[in-house]
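The values are calculated or read from the model by the stated rules, or taken from the named source; none is laboratory data. Computed from a prediction, not measured in an experiment: that's the story for all the values here. No Cβ is skipped: glycine too gets one built from the backbone with ideal geometry, and neighbour counts run over all protein chains shown.
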């Protein structure tokens, strides 16, 4: 029995040693480091953007055209997550993630005390949805192009609290979209909760105008910002919204399971917080001496979340912002716009068999394109793309029944043309 035990321990030790000495993904880091760019980069400079592509651990034979669902992280982000985890595990220190507030705030045009850390967009939407004061019969405006993460919290509140949901379908122009929203307004309208960019067809809604109208009418403006940061040039103060929920794992190329909620400073006394813990307080609570008066909230957005966060994950967010800044957000914006328009133009050049759902208006389109191939089932087309190692997304939500492709800085025109060839075979 003892011999068997010794043998087991020996084999276990060898197995552990083997696990510890397996080559790390970091051994595959690109040989060429991406230089910092202080100047404007031509969005069609394929030599430079190929260098950018080398910063990602993407398979060379796959065309990943689904950044709108999940943005692959570049090597510096992956490495930062690893180092951040090691920092906590080697030294046993606590905290450090709170330093990310300032970096996110600067990135999106907000103040540090207006940023709450979350795990994803859905976290932020739920904080905003449940925190605004609504009663039975109050109306909230949404779209017919919602992601479940924005739709279901409001539908749940409708079920539990008796609020009323009113919807509109975004139009092909920003002006008409705003008119459709304004037509839904009544004295019972208390909030508008719409996506900055619907996940379905990648249309940019006129959020600045929507928020200005909401303020004029005295209603809350709560924006689902899943697709804004990292794709668009953002200034949330200029946008004028009351709250903006986003994530770091899409266009920001950050770690999965990270996000943030912007809450305008003078809106924080209106938006009630429910899920609280360490950090949500003002530091003066005391259950031993005065439990009745304890429980004052932090005088910042930290009141909306509490407890331990993943240091490695938020070190990764820091690295993602640094990676974007290294290239230049304006350069990224121009490259993304170029690829989005290149995709749309090539699809529309195929003729009447293509039903383009994404608007062609310059201020209303972005890096996401939704379309249908007339007479061809969207799910079968999705399967054909997967067979040929092209990843796209089906859009079955709200019976839209189309396919969606979304391109980021690691993509190129060759991948788009490869995709277009598949489309040609089906029309």
From (1) within 11 Å of the chain's Cα centre (by Cα); (2) closer than 19 Å to residue 146 by Cβ, pick out the condition that doesn't hold for residue 189. (1)
Restricting attention to strands (runs of 3 or more DSSP E) lying wholly within region 108-216, give those where 2 or more residues are out of contact with any helix residue (DSSP H, G or I) (no Cβ under 7 Å at 6 or more places or on another chain). 139-143, 164-168, 189-195
State the number of residues belonging to region 46-58 that are touching a residue at least 40 places away in the same chain (Cβ under 8 Å) and over 17 Å from residue 326 (Cβ atoms). 2
What's the total number of residues in region 275-302 that are touching a residue at least 60 places away in the same chain (Cβ under 8 Å) and either exposed (fewer than 10 other Cβ atoms within 10 Å of the Cβ) or touching a strand residue (DSSP E or B) at 6+ places or on another chain (Cβ under 7 Å) (or both)? 2
Tell me the residue from 312, 316 that is surrounded by 23 or more Cβ atoms within 10 Å (Cβ to Cβ) and either outside any helix (DSSP H, G or I) or in contact (Cβ under 8 Å) with a residue 60 or more places away in the chain (or both), please. 316
Closer than 15 Å to residue 243 by Cβ, surrounded by 16 or more Cβ atoms within 10 Å (Cβ to Cβ) and not assigned by TED's automatic domain parsing to the domain that holds residue 418 - does that describe any residue in region 85-107? yes
From the list 177, 189, 169, which residue is surrounded by fewer than 18 Cβ atoms within 10 Å (Cβ to Cβ) and in contact (Cβ under 8 Å) with a residue 12 or more places away in the chain? 169
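Please state which one of 410, 342 is surrounded by 17 or more Cβ atoms within 10 Å (Cβ to Cβ) and not in a helix (DSSP H, G or I). Break it down stepwise before answering.
On the way: 342 fails: not in a helix (DSSP H, G or I).
410 is the lone residue from the list that is surrounded by 17 or more Cβ atoms within 10 Å (Cβ to Cβ) and not in a helix (DSSP H, G or I).
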